[in-house]
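Presented below is the structure to which this report refers.
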Amino acid sequence: MDPREKGQWERALGASITEMVSLQRSRLLITRRGNWVVKPVRRPEHLLWWSRVDRELRIRGFQRMPVFRTDGYRWIFTEWVNGQTASYRRKEELVRTAGLLAHFHRAGKGLFTPACREAAFLLSDRLDSRLRDFFKLWKERRDIPGEAGHLLRRYGFRFYRLGEEAWNRLDQLPWEEWIRWERGCRFLTHRDLASHNVLLDRTGGPWLIDFETADYDGQVGDLWQLLSRGMCEHNWDLQVFREVVGTYESIRPLSSLEKRLLTVLLGFPNEFYRELSGLIRKKPGYRKEKTLPHLRRIIRTVPLWRRFLWEIDCW
């Protein structure tokens, strides 16, 4: 490590660093005034925007996110939460996360902070990009070796058609207008509801972390992301769905359009696209020993998923 970096960190924190621990994509800094996780700033303008949003959320009563500091342009320091990553395999943690998300959304409706000047990449843009990218990947199927290539050749086109079907159903709804309206009204979204972005402290209380992708967007997209990641772990159990959504709605009710959008979005096989693409493209965090079993589970539970979609179609 460059000794100059340590000096920069100590000046930003106003404390001497007594120990450093390497984490997966960051470092834990031990100081006498507390422990901090340091990461490089990728988007300084977004960080400035988030600093203002963070203050506004706290004024509105949402506190379940760690305090952070920054030198303003290169480093971000997030207060260490002594706990563990949530697991969506455990129903109570999935439900708890839904409640946390609902509080985050309720506090983040109609904020005063103007949108970041960076180009928006909204929910509709992200789904369109995911579907197009997967189709490009499928066209390369003959050149991809190993089990990932086998899964792509055997199941890829079926999953592509399912995504296309969901997209066509979404196009029959005013979903893009709704998303643009929520962005215009400054409705806050997290946009990366992976379980590693939810921490549980020693009391079991959930904390939301890592706001690098946060923006004004359609809030139903966050709930869809949480459910699409969590429901496969519970074999698309309708009772689990009701409990998760019921917990969310007890805090932040959904409109009739949002409910309809959610039922259609859940028919978009985003998990299959993301996991298989991540593995084949060798993106960070996608390892064969973890990703392949998850892909097999997604494929194995397709009949349960399709039945679930039929059950919630008239929700």
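Derivation of every value follows stated rules applied to the coordinates shown; laboratory data play no part. Keep in mind the model is a prediction, meaning the values are calculated, not measured. Every residue, glycine among them, receives a Cβ derived from its backbone with ideal geometry; neighbour counts consider all protein chains shown.
Pairwise over distinct Cα atoms, reciprocal of the mean inverse distance: report the Kirkwood radius of the stretch 3-80 in Å, one decimal place. Result for the stretch 3-80, one decimal place: 13.2 Å.
Please give the residues of the stretch 47-80, grouped as numeric ranges, whose backbone N is less than 20 Å from a label point set 7 Å along the Cα-to-Cβ vector of residue 24. Residues passing the 20 Å test: 65-66, 76-80.
Placing +1 on each Lys and Arg Cβ and -1 on each Asp and Glu Cβ, with no other charges, gives the stretch 158-266 a dipole about its Cα centre of roughly 200 debye. Among the GluC sites (Glu not before Pro) within the stretch 225-315, not one is in coil by DSSP while having at most 16 neighbouring Cβ atoms inside 10 Å.
Peptides 85-93, 261-269 ranked from most to least packed by the mean count of surrounding Cβ atoms within 10 Å: 261-269, 85-93.
For the stretch 122-205, the alpha-carbon radius of gyration amounts to 1.50 times the rule-of-thumb value 2.2 N^0.38 Å expected for a compact globular protein.
The lysine pair tally for the chain, using Cα distances under 17 Å and a gap of 8 or more places or different chains, is 4.
Could you size up the charge dipole of the chain around its Cα centre, putting +1 on the beta carbon of Lys and Arg and -1 on that of Asp and Glu, and report it in debye to the nearest 20?
Working: 58 positive and 41 negative charges, 144 e Å.
That gives the chain a dipole magnitude of about 680 debye.
Under 18 Å from a label point set 7 Å out along the Cα-to-Cβ vector of residue 80, the amide N atoms of the stretch 22-52 belong to 22-40.
The base-10 log of I(q)/I(0) for the stretch 59-197, evaluated at q = 0.18, 0.19 Å⁻¹, reads -1.24, -1.26 [Debye formula, identical scatterers on Cα atoms, solvent excluded].
First measure r as the distance between the Cβ atoms of residue 89 and residue 4, then evaluate 1/(1 + (r/R0)^6) with R0 = 41 Å and state the FRET efficiency to the nearest 0.05. Don't skip to the answer; put the middle values down first.
Numbers: r = 43 Å, r/R0 = 1.05.
Step by step, r from the Cβ atoms, then E = 0.45.
Between residue 16 and residue 35, what length in nm is gained on full extension when 0.36 nm per residue of separation is reduced by their alpha carbon distance? Before the final figure, lay out each step's value.
Numbers: separation 19, 0.36 × 19 = 6.84 nm, distance 1.10 nm.
Length gained, residue 16 through residue 35: 5.7 nm.
Between the Cα long axis of helix 123-139 and the first principal axis of the chain there is an angle of about 60°, rounded to the nearest 10.
For the stretch 226-315, the orientation-averaged shadow of the C-alpha convex hull comes to 6.3 nm² (one quarter of the hull surface).
Annotation for the stretch 77-94 versus the stretch 98-112: alpha-carbon center distance of 19 Å.
When 1/r is averaged over all different Cα pairs and the result inverted, which Kirkwood radius in Å belongs to the stretch 85-312?
So the Kirkwood estimate lands at 18.3 Å.
Stretching the chain fully between residue 165 and residue 128 yields a gain of 12.1 nm (0.36 nm per residue, less the alpha carbon separation).
Here the contact order of the stretch 120-230, divided by its residue count and restricted to Cα pairs under 8 Å and six or more residues apart, works out to 27 percent.
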